[in-house]
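A.B. asks: Below is the structure I would like to discuss, written out as structure tokens.
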């Protein structure tokens, strides 16, 4: 008999993880290794070699990947003409991280800039159509009143 779920997760997994559909998930894994220092955790190809499931870790967070399967409604941002989702990555040095992502093949959408909310922040788009905001906190997080006041001065 199957035991009820007790909340235990496989090591390295989290209760919420992005699951990216990529046209070329194996190449995406290689890109994420070069761009963000990802560590590959699992890769499960189908008989034709497409990835039915893969999981990597970036900065300790799990990110799952799968190849496009149009017949199952699984389409990548490239097939959809873009994405409304941005994945946020906090790093020690946003300028270095953004440059590393661009060197690995990402497109810089917004150069790292000091922002009113206290982060140095930039945006890249990976070769598979996924957008990544990359940030380095420059000061302690603001409370709601401080954030509203800072937003009015921008």
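A.B. asks: Would you be able to tell me the number of residues in segment 106-122 that are under 22 Å from residue 31 (Cα atoms) and either in contact (Cβ under 8 Å) with a residue 60 or more places away in the chain or buried (at least 20 other Cβ atoms within 10 Å of the Cβ) (or both)?
C.D. replies: In the first step, residues of segment 106-122 are kept if they are under 22 Å from residue 31 (Cα atoms); the result is 106-112, 121-122.
With either in contact (Cβ under 8 Å) with a residue 60 or more places away in the chain or buried (at least 20 other Cβ atoms within 10 Å of the Cβ) (or both) added as a condition, the list becomes 106, 112, 121-122.
Of the residues in that region, 4 qualify.
A.B. asks: Report yes if some residue within segment 81-99 is modelled with pLDDT of 95 or more, in contact with a helix residue (DSSP H, G or I) (Cβ under 9 Å, 6 or more places away or on another chain) and under 17 Å from residue 30 (Cα atoms); otherwise report no.
C.D. replies: Looking for residues that are modelled with pLDDT of 95 or more, in contact with a helix residue (DSSP H, G or I) (Cβ under 9 Å, 6 or more places away or on another chain) and under 17 Å from residue 30 (Cα atoms), one finds at least one in segment 81-99, hence yes.
A.B. asks: Also: Kindly indicate whether any position in segment 18-28 is surrounded by fewer than 17 Cβ atoms within 10 Å (Cβ to Cβ) and within 13 Å of the chain's Cα centre (by Cα).
C.D. replies: There is at least one residue in segment 18-28 that is surrounded by fewer than 17 Cβ atoms within 10 Å (Cβ to Cβ) and within 13 Å of the chain's Cα centre (by Cα).
A.B. asks: Could you look through segment 123-154, keep only residues that are over 12 Å from the mean Cα position of the chain (by Cα) and buried (at least 18 other Cβ atoms within 10 Å of the Cβ), and pick out the one that is nearest to residue 89 (Cα to Cα)?
C.D. replies: 135
A.B. asks: While we're looking at this one, here's another question. Pick from segment 113-126 the residues that are assigned to a loop (DSSP other than H, G, I, E, B) and touching a strand residue (DSSP E or B) at 6+ places or on another chain (Cβ under 7 Å): which of them is nearest to residue 145 (Cα to Cα)?
C.D. replies: Within segment 113-126, the subset assigned to a loop (DSSP other than H, G, I, E, B) is 115-118, 126.
Filter once more, keeping what is touching a strand residue (DSSP E or B) at 6+ places or on another chain (Cβ under 7 Å): 115, 118, 126.
On the way: 115: 16, 118: 14, 126: 35 Å.
Among them, the one singled out is 118.
A.B. asks: Touching a residue at least 40 places away in the same chain (Cβ under 8 Å) and touching a strand residue (DSSP E or B) at 6+ places or on another chain (Cβ under 8 Å): is that true of residue 52 in this structure?
C.D. replies: no
A.B. asks: Does segment 1-23 hold any residues that are touching a strand residue (DSSP E or B) at 6+ places or on another chain (Cβ under 7 Å) and either in a loop (DSSP other than H, G, I, E, B) or at pLDDT below 95 (or both), and which are they? Spell out the reasoning first.
C.D. replies: Looking only at segment 1-23, we keep the residues that are touching a strand residue (DSSP E or B) at 6+ places or on another chain (Cβ under 7 Å), and these are 12-14, 17-22.
Selection gives 12, 13, 14, 17, 18.
A.B. asks: Return yes or no: is residue 84 outside any strand (DSSP E or B) and either farther than 20 Å from residue 17 by Cβ or in contact (Cβ under 8 Å) with a residue 40 or more places away in the chain (or both)? Steps first, answer last, please.
C.D. replies: Numbers: outside any strand (DSSP E or B): yes; either farther than 20 Å from residue 17 by Cβ or in contact (Cβ under 8 Å) with a residue 40 or more places away in the chain (or both): no.
Considered against the rule, which asks whether it is outside any strand (DSSP E or B) and either farther than 20 Å from residue 17 by Cβ or in contact (Cβ under 8 Å) with a residue 40 or more places away in the chain (or both), residue 84 comes out as no.
A.B. asks: Here's another thing I want to ask about it. Which one of 64, 110, 52 is within 19 Å of residue 133 (Cβ to Cβ) and in a strand (DSSP E or B)? Full working, then the answer.
C.D. replies: Values: 64 fails: within 19 Å of residue 133 (Cβ to Cβ); 52 fails: within 19 Å of residue 133 (Cβ to Cβ).
From the options 64, 110, 52, the qualifying one is 110.
A.B. asks: Among the residues of segment 78-94, how many are surrounded by 14 or more Cβ atoms within 10 Å (Cβ to Cβ) and over 13 Å from the mean Cα position of the chain (by Cα)?
C.D. replies: 2
A.B. asks: To continue, here is another question. If we scan segment 90-98, do we find a residue that is within 30 Å of residue 9 (Cα to Cα) and in a loop (DSSP other than H, G, I, E, B)? Before you say what the answer is, go through the steps one by one.
C.D. replies: We begin by selecting, within segment 90-98, every residue within 30 Å of residue 9 (Cα to Cα); these are 90-92, 97.
Keeping just the survivors that are in a loop (DSSP other than H, G, I, E, B) gives 91-92.
Yes - at least one qualifying residue is present in segment 90-98.
The values are calculated or read from the model by the stated rules, or taken from the named source; none is laboratory data. If you're wondering where the values come from, they're calculated on a predicted model, not measured in any experiment. All Cβ positions, glycine included, derive from the backbone under ideal geometry; neighbour counts span all protein chains shown.
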